[in-house]
1. Region 174-247 to region 66-85: how many Å between their Cα centroids?
2. Among the lysines, which fall within straight-line cross-link reach of K140, defined as a Cα-Cα distance under 19 Å, with same-chain neighbours fewer than 8 residues apart omitted?
3. Within the P(r) computed for region 176-237, what percentage of the Cα pairs occupies the region above 16 Å?
4. So if I place +1 on the C-beta of Lys and Arg and -1 on the C-beta of Asp and Glu, and nothing else carries charge, what would the dipole magnitude of the chain be about its Cα centre? I want it in debye, nearest 20.
5. Give the Cα extents of region 65-152 along the principal axes, in whole Å, largest first.
6. Once phi is turned into ³J(HN,Hα) by the Karplus curve 6.51 cos²θ - 1.76 cosθ + 1.60 with θ = phi - 60°, what whole-Hz value does each residue of region 38-52 show in order, with x for glycine and proline?
7. Counting only C-alpha contacts under 8 Å and six or more residues apart, can you give the relative contact order of the chain as a whole percent?
8. If you plug each phi of region 153-164 into the Karplus form 6.51 cos²θ - 1.76 cosθ + 1.60 with θ = phi - 60°, what whole-Hz ³J(HN,Hα) values come out, in order, with x for Gly and Pro?
Amino acid sequence: PGTDHVLEVNNIEVIYNKVVQALRGLSLVVPRGQIVALLGSNGAGKSTTLKAISGLLALEDGELKSGSISFNGQSTARLAPQQLVRQGLSHVMEGRRIFEDLTVEENLVTASYALTGRGGVKPDFDLVYSYFPRLHERCKGLAGYLSGGEQQMLAIGRALLAQPQLILLDEPSLGLSPKLVEDIFTIIARINAERGVSMLLVEQNATLALAVAHSGYIMENGKIVIDGSAERLAGDPDVREFYLGVG
Ligand code: ATP
């Protein structure tokens, strides 16, 4: 018994190009159904943590040297990124990585092909458009012509098609206007509350992240230095001064 964790990361170490040690014994958990914020300054290792979990490290010559990661109680060590996606673990990467030369709708179709391996299953466009009506309005338009915020919506919408249990979200607010950031965070909170999707949220805007998260971790130099409920972290004077920049 005890808490049900959709994700457990235990003491992982990651090295890039056989020399740069980016993670130095990092551990964290994501309780099922919760949003967990992962905070810390530039270069602390937040994106690396997400890549280690989703299996995308290898694309950048990164290597998981030690430690373990389990998703739904099962080790991810032998699973390819695409298998993890099919099992319900989606990674929305920094910079969005949508196909700019395809329409919004084609981006969603492509994502769903990748998911099923063939064209058999009709993508659940309605689900995506219910959270992002703006994407419906632009569905025949090229993704490359979308605004930054709309591209972020498309990236999250694409992740939703996989019916994920856990979404790893890397800097959803990056480059967006304050109004759009607010919109995106409202939708993130809704997806969590309405669909029970757990999230591990990397975000520069710590105040905002802690406003939607249930709990949080603060990283420094490749490991966790502070953790606690979102409420406690947001109210802790030291955390506010040194990590949130709102002392
Ligand atoms: P940011 O918010 O700036 O992206 P971060 O906390 O996400 O910061 P990471 O991107 O995970 O940090 O980087 C952690 C460390 O690993 C940094 O020292 C970085 O220079 C290094 N690093 C990241 N990616 C690579 C790579 N592909 N090759 C070599 N070193 C890398």
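1. With region 174-247 and region 66-85 each reduced to a Cα centre, they are spaced 25 Å.
2. K122
3. On the way: 912 of 1891 pairs.
Across region 176-237, Cα pairs with separations above 16 Å total 48 percent.
4. Numbers: 22 positive and 27 negative charges, 110 e Å.
It works out to roughly 520 debye.
5. If we take the Cα atoms of region 65-152, the spans are 45, 30, 23 Å.
6. Using θ = phi - 60°, the values come out as 10, 10, x, 6, 4, x, 5, x, 5, 5, 4, 4, 5, 5, 5 Hz.
7. Numbers: 469 pairs, mean separation 67.0, N = 247.
For the chain, the relative contact order is 27 percent.
8. These are the phi-based 3J(HN,Hα) values: 4, 5, 5, 6, x, 4, 5, 5, 4, 7, 6, x Hz.
No lab work stands behind these numbers, since they all come straight from the coordinates. The structure presented is a predicted model; accordingly, all values stated were derived computationally and were not measured. Every residue, glycine as well, gets a Cβ built from its backbone with ideal geometry; the counts of neighbours run over all protein chains shown.
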